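Contents: one structure, followed by commentary.
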Amino acid sequence: MRPAIVSAARALTPTVTQYWLTHQDGDAPLPAAVPGQHVTLRVGPRVKTFTVVAADEDGYELAVRTRERGGQRDHVSPRLHVGARVRVGEPGGRFTAENPAPFSHFLAAGVGVNPILALLESGRVRDWRLVYVDRGAAEFPFLDRLHALAAAQNGTVVVFDTAAHGRPDWTAVVTGIPTGATLGVCGPPAMVAQVRAAVELVPGTRSLATDGPSAGSAGDVPASVEVECAKTGVTFEFGQNQPLLDALQSNGVPVPSSCRQGICGTCEVQVHDGRIDHRDEVLTDQEKDESRYMIPCVSKSIGERLVLNV
């Protein structure tokens, strides 16, 4: 990994911050990157992968969800600030500004819009439609850039606020996409899996391209799990063909929820014992490795027994 420095930062929304990375004086330039590629940053003890929104010979533009909840817990190291010295890995990824697919439709959730923005800013796509999902009217970074691109490229941006309207019916969304279209999909694995299932279910042929892992990639999950809720004293068994969040609520364990797509983090619960297949866009890579928390609307248990501090 090469050394770099955070040269500038700007808040885009209450939970998304824009950063610019450059090489340090006397060091070699950062590896050349194509907008839309991923780069891995080591920030203090944390390692996390982000999308390059834009790149030039001076460095990279990133947009990072920096959510703070529960006192000192946050989801990007507080060391990531102007002047911070970090280390950067080699860029990689297929969903980039050079992707040759003939896209006509895009579906994005949360900061999954970043690689789509990079592709649109390449100027290689026209007559497109983007469905952009996030939670809260103030939580949509880059809307000004997207609307400007839509005006120049005969595009359409449809904003879907899950706080106001609940989660989208992806089957209905896919049904409205013409047969033969190519979809670019970026978001948390659970959302990508739902869209993929809708594409397979809806009559007609549509191509789907994504750079994200498919849900379930972290390991095989058992068909059923025994869940013990340490605080409430409730123990139940449920089939993992339904969300754990639904099972908790139906068994009388009160867990607040909102987006139900692994974007907002409202339903986060503490894990006392168990291994988790994390499918959310909320926890950091380090937090997923530690598995002390999980997002039960999308994530699943890898073991047959799970103890939660709820």
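Observations on the model:
- C264 accessible area, assembled protein chains, probe 1.4 Å, Å²: 10
- Under a Gaussian network description of the chain, with springs only between Cα atoms under 10 Å, the residue in G265, G274, G187 that fluctuates furthest is G274.
- Stokes-Einstein diffusion for the stretch 234-293, with the hydrodynamic radius set to the Kirkwood value over Cα pairs and evaluated at 37 °C in a medium of 0.692 mPa s, equals 263 µm²/s.
- Within the chain: Cβ-based charge dipole about Cα centre, in debye rounded to nearest 20 (Lys, Arg +1; Asp, Glu -1): 180
- Ranked packing of 130-140, 291-301, most packed first, by mean Cβ within 10 Å: 291-301, 130-140
- Across the alpha-carbon set of the chain, the Rg to Rh ratio works out to 0.97, Rh being the Kirkwood radius.
- Helical runs assigned H by DSSP (4 residues or longer) give the chain a calculated mean residue ellipticity at 222 nm of -5000 deg cm²/dmol, each run adding -39500 (n - 2.57) before division by the residue total.
- Counting only residues at least eight positions apart within a chain, or on another chain, the lysines with an alpha carbon under 21 Å from that of K288 are K48, K300.
- At q = 0.08, 0.09, 0.11, 0.19 Å⁻¹ the log10 of I(q)/I(0) for the stretch 80-234 amounts to -0.29, -0.36, -0.53, -1.24, computed by Debye summation with a single uniform scatterer per C-alpha, solvent ignored.
- Of C229, G204, C264, farthest towards positive along the dipole that unit charges on Lys, Arg, Asp, Glu beta carbons give the stretch 184-310: G204
- Probe 1.4 Å, accessible area per residue of the chain, Å²: 43
- Surface calculation, 1.4 Å probe, protein heavy atoms: T156 sits at approximately 60 Å² accessible.
- What a 1.4 Å probe finds exposed on the chain is 48% carbon and sulfur by accessible area, rounded to a whole percent.
- Debye intensity ratio I(q)/I(0), log10, the stretch 1-160, q values 0.16 Å⁻¹ (C-alpha model): -0.92
- Once divided by 2.2 N^0.38 Å, the Cα radius of gyration of the stretch 170-310 becomes 1.12.
- Rounded to the nearest 10 square angstrom, M1 shows an accessible area of 100 square angstrom against a 1.4 Å probe.
The values are calculated or read from the model by the stated rules, or taken from the named source; none is laboratory data. Computed from a predicted model, the values in this text were never measured in an experiment. Here Cβ is always computed from backbone atoms with ideal geometry, including for glycine, and neighbour counts include all displayed protein chains. Note: areas computed on protein heavy atoms with side chains; ligands, DNA, RNA excluded. Shrake-Rupley method; radii C 1.70, N 1.55, O 1.52, S 1.80 Å.
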